Amino acid sequence: MYRTPLDRLLPRAKFHGDLAGLRLLSAVMGDSFGRAERPEALAPIPLHRDRLRRRGYDQALELARPLARRLGVPLRDDLLRRVRATAAQSRLDAGARRRNLRGAFEVRAGASLPAHVALIDDVMTTGATARSAALALRRAGVQRVDVWVCARVP
């Protein structure tokens, strides 16, 4: 759940470059998902290149790297790409979030697809981002998509 201390750690990690905080949060995720059925790959939900350029790092990728090492699951940051720059989700209601993310992701051409992928992200609010990314993977042929997040907003 998105409450103390996550409500303080996640914004620092996401918006203020606290990469050590992201490593800590990844370790917490490793504890939480350590007994989960292992997917064939972890795929961080990517930022659009413009937002990545502004921020300087992708928080989902920074969570996924140490998590993949810890769990012994391949990291596949080559599977998805965000093809549309979208408005910040935090400023939108649930319906606007879904519309904002429609068609925002695509599977990279020529990527070999595992049958089972776990998407990695920092926070899930309405699930619109995860839904859009999972739909792109499923349409490309991935049979099962799980979503692993650090926190869920109630």
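We did not get these values from a lab; they are worked out from the coordinates using the rules stated. Keep in mind that this is a model prediction, so the values were computed, not measured. Note that each Cβ is placed from the backbone with ideal geometry, even for glycine, and that neighbours are counted across all protein chains shown.
Some observations on this one:
- Applied to region 4-10, the Karplus parametrisation 6.51 cos²θ - 1.76 cosθ + 1.60 on θ = phi - 60° returns per-residue 3J(HN,Hα) values of 4, x, 4, 5, 9, 5, 5 Hz, with x for Gly and Pro.
- Burial order of peptide ranges 126-137, 45-56 (average beta-carbon count within 10 Å, highest first): 126-137, 45-56
- Annotation: amide H-H contacts under 5 Å for Asp18 (H modelled 1.01 Å from N, sequence separation of 5 or more, or interchain): Ala13.
- Of the GluC sites (Glu not before Pro) found in region 1-81, the ones in coil according to DSSP and having at most 13 other Cβ atoms within 10 Å of their Cβ are Glu37.
- Ordering of 114-125, 95-106 by burial proxy (mean other Cβ atoms within 10 Å per residue, highest first): 114-125, 95-106
- Cα shape, the chain, gyration tensor, a/c 1.5 rule: rounded
- Annotation for region 22-58 versus region 62-101: alpha-carbon center distance of 8 Å.
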